[in-house]
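What follows is a set of notes on a single structure, which appears directly below.
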Amino acid sequence: MEIINIKIEDLKPYEKNPRNNEQAVEHVANSIEQFGFKNPIVIDKNNVIVCGHTRLLAAKKLNLKMIPCVKAEDLTAKQIKAFRIADNKTAERSHWNEELLKKELEELQNLDFKLDKLGFLDYELDSIFNLNLENFIDDLKENDFTGLGASSSHFSVTFVFPIEVREKLECYIKENGKEDITDKIIKIVEGL
């Protein structure tokens, strides 16, 4: 595999890229800034991106002039089309060993590394560092939701599920609709 540097303006995004990657751009830019451009963009023989649209957007945000790329000249047009999807979908299938991840993050904290540079959101770090749901519910009961800093009766809660649970939940929502699951959550909160 030969890595070649290509001018950023010579790269062409795939017009039918089905992946919505806007939310990841800042995180990828932070990663490139911290560690360098360690994961080349995969392109076809015409410099159309096969894998790496988010990296391209991050590179543009960082005003990079040259990008490391790998040409997928060994793949057929059909394989390239399939690889665009498989590259993203297969990454979704992995999950963290929470215990080992927590230890690694704690070691980085002890080395004064800013964990927000790793792409985790605050609520994800809270979850990893054992923000206990029972304590959260107790706080809600005691503070009548004022502990959330809510200025009205509306607030939002984000749930993070392991991939297996998320897949089941997505199937449930497809069968029953979002309104059904929202009603169930509201009934739980009203019972607090």
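Throughout, read-outs are computed from the coordinates displayed, never taken from laboratory work. Model, not experiment: these values are computed from the prediction. All Cβ positions, even for glycine, are placed from backbone atoms using ideal geometry, and neighbour counts span all protein chains on display.
Given ASN39, ASN17, ASN46, ASN30, which one is more than 26 Å from LEU125 (Cβ to Cβ), of a type in the set (S, T, N, Q) and under 20 Å from the mean Cα position of the chain (by Cα)?
Values: ASN39 fails: more than 26 Å from LEU125 (Cβ to Cβ); ASN46 fails: under 20 Å from the mean Cα position of the chain (by Cα); ASN30 fails: more than 26 Å from LEU125 (Cβ to Cβ).
None of the others qualify; the one that does is ASN17.
Looking at segment 1-119, what strands (runs of 3 or more DSSP E) fall wholly within it and have at least 3 residues that are on the phi < 0 side of the Ramachandran plot and surrounded by 15 or more Cβ atoms within 10 Å (Cβ to Cβ)?
Details: elements: 4-7, 41-43, 49-51, 66-71.
The strands (runs of 3 or more DSSP E) meeting that bar are 41-43, 49-51, 66-71.
Out of curiosity, is LEU75 over 30 Å from ASP126 (Cβ atoms), in contact (Cβ under 8 Å) with a residue 40 or more places away in the chain and not small (Gly, Ala, Ser)?
Spelling it out, it is not the case that LEU75 is over 30 Å from ASP126 (Cβ atoms), in contact (Cβ under 8 Å) with a residue 40 or more places away in the chain and not small (Gly, Ala, Ser).
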